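Here the structure is laid out as structure tokens; the discussion comes afterwards.
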Amino acid sequence: MSEWITINAAASYVKIGCSTLYRLARSGVVPAHKIGRSWRFSIPELDNWIRSEPGNVSPGLNGALRSGLSHSQPMRIIDLFCGAGGLTLGFTRLASCPALSVWANDFNRFATETYNANFGSHCVDGDIIDLLADPKNVIPQADIVIGGPPCQGFSLLNKNRDNDPRKQLWRPYMEVVRRSGAEVFVMENVPQLLGTIEHGEIIEAARQAGFKTTAAVLCAADYGVPQTRKRAFILGCSFTDPSEFFPPRKTHYNPSKKPANVFQDDFSEYVSNPKPWATVCDAIADLKPPKGVEIRDVEPPYNLHFGRTPTEMSLKRYKAIPKEGMNRFDLQRIAPELTPDCWIRKTQGGTDLFGRLWWDRPSFTIRTEFYKPEKGRTLHPQQHRPITHREAARFQSFPDDFIFTGTKIEIAKQIGNAVPPLLAAKVAEAVYELVNSRTSSR
């Protein structure tokens, strides 16, 4: 039957956890079918169940149903360069609007395995250019295409960015938009993309395809993520001006600024009752000290809460800068004999290198090698160690029950490369408001 979907996709569709849905299916509360050793679900049957038992679905979905929105036609999304699925997670599970992932792609096998472990079996591993060139590969119809063409071509960390061919991967992205018939696309990248020649080419290609576009740089901390990561988003729409709906209003504010100063001039940028930024303490204070140095076969969150084996010199350096916020310059001041010569010679820049986090602030940007404190501010605020994979995942706003697959190095890449799901959810809600404006005007 073509309408069967997996338990992961069904959980995403009705916005409840896989384990909860599994129990409901086994007890006969949710309509489900045991095929071999796997549970399969039908979207029409799930729709009927939702309407008959609305109390069993999430508050966000209940709100959408009460508003008269048609859950029988959720937003169908395609996620390109999807990685672990941070964008998809935000769109399908964390946002207060119905959405269903129908196709995804990434060129990293470990990332596609992680995606499929959480959202179904429809994420395809491979080079998007090769996939589009093969007539056997049919892109399904979708309402929205989301995704972030690899950002290393624009990143300030890339010294060869002027001639990096990865800058042009937005072209196959736009080809998928065309083939899928999507009327909305959300393209994510590093802030350095905006204002470049390539940004102009993207806007022109979108215009020729019938899309109006808008763009903004969003700070994840402004949307509930305990991290000050900034990402650029380009939103394109074929039926209205997307700038009327984007960027989404901020839900959180920087508490270091006086509220009067925050809201006096920018009232329209915030929701009615914004909260202070989420902090490192909010995200990880409940975790016990890590155990071991490998992924453990235990229940989350502790499966990914493992440490490293520091050298004697590294441990001395950690202990030499015990206070929150300290960094390599403090190390040089307090213990020059422990400071690498290359840091002594570099007298400017890099204040976050070998830095400790603050309990009462968000984390800094989580990168793919967050476990190496010499590359950023990733030392625990109190303990003499860098942050763990679980702590990094929480700073990215991944829930503990999200399944990561692969080696610990590959999982670190998946965490560091992801769009924070909570940020993605707020983008999704803005997109859904845009899409619903067309439905309401009919």
note = Residues meeting the amide H criterion for residue 250 (H placed from the backbone, H to H distance under 5 Å, 5 or more places apart or on another chain) are 270, 271
key: Modelled FRET efficiency - R0 30 Å, residue 433 with residue 178, Cβ distances, 0.05 increments   = 0.75
inquiry  = I need to check one value: relative contact order of region 282-408, counting alpha carbon pairs closer than 8 Å and at least 6 residues apart, in percent.
reply    = 26 percent
inquiry  = As a test, work out the antiparallel percent of DSSP beta bridges whose residues both lie in the chain, rounded to the nearest 5.
reply    = 50 percent
request  = Take the Cβ-Cβ distance between residue 26 and residue 297 as r, set R0 to 22 Å, and report the resulting FRET efficiency rounded to the nearest 0.05.
outcome  = 0.40
query = Extension gain residue 197-residue 4, at 0.36 nm per residue separation less the Cα-Cα distance, in nm?
reply = 65.0 nm
query = On full extension of the chain, what length is gained from residue 286 through residue 244, given 0.36 nm per residue of separation minus the C-alpha to C-alpha distance?
reply = 11.1 nm
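Which FRET efficiency value, to the nearest 0.05, is calculated for residue 121 and residue 208 with the Förster distance at 30 angstrom and r the Cβ-Cβ distance? Walk me through the numbers before you get to the answer.
Working: r = 35 Å, r/R0 = 1.17.
Efficiency computed from Cβ-Cβ geometry: 0.30.
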request  = Pull up all non-local amide H partners of residue 100: gap of 5 or more, or a different chain, and H-to-H distance under 5 Å with H placed in the peptide plane.
outcome  = 75, 76, 77
inquiry  = Report the Cα-based extents of the chain along its three principal axes, largest first, to the nearest Å.
reply    = 69, 52, 52
inquiry  = Only helices at least 20 Å long along their own axis, judged from Cα atoms, and with Kyte-Doolittle mean hydropathy of -0.5 or greater: name those in the chain from DSSP H.
reply    = 421-441
remark   = A correct Kirkwood calculation over the Cα atoms of region 282-408 returns a hydrodynamic radius in Å of 15.2 Å
request  = Subtracting the Cα-Cα distance from 0.36 nm times the residue separation, let me have the gained length for residue 309 to residue 409 in nm, one decimal.
outcome  = 34.5 nm
message = Please compute the alpha carbon radius of gyration of region 227-342, then divide it by the globular-protein estimate 2.2 N^0.38 Å. Two decimals is fine.
response = 1.63
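The numbers here are math on the coordinates, done by the rules we state, and not lab data. Model, not experiment: these values are computed from the prediction. Using ideal geometry, Cβ is built from the backbone for each residue, glycine included, and neighbour counts are taken over all protein chains shown.
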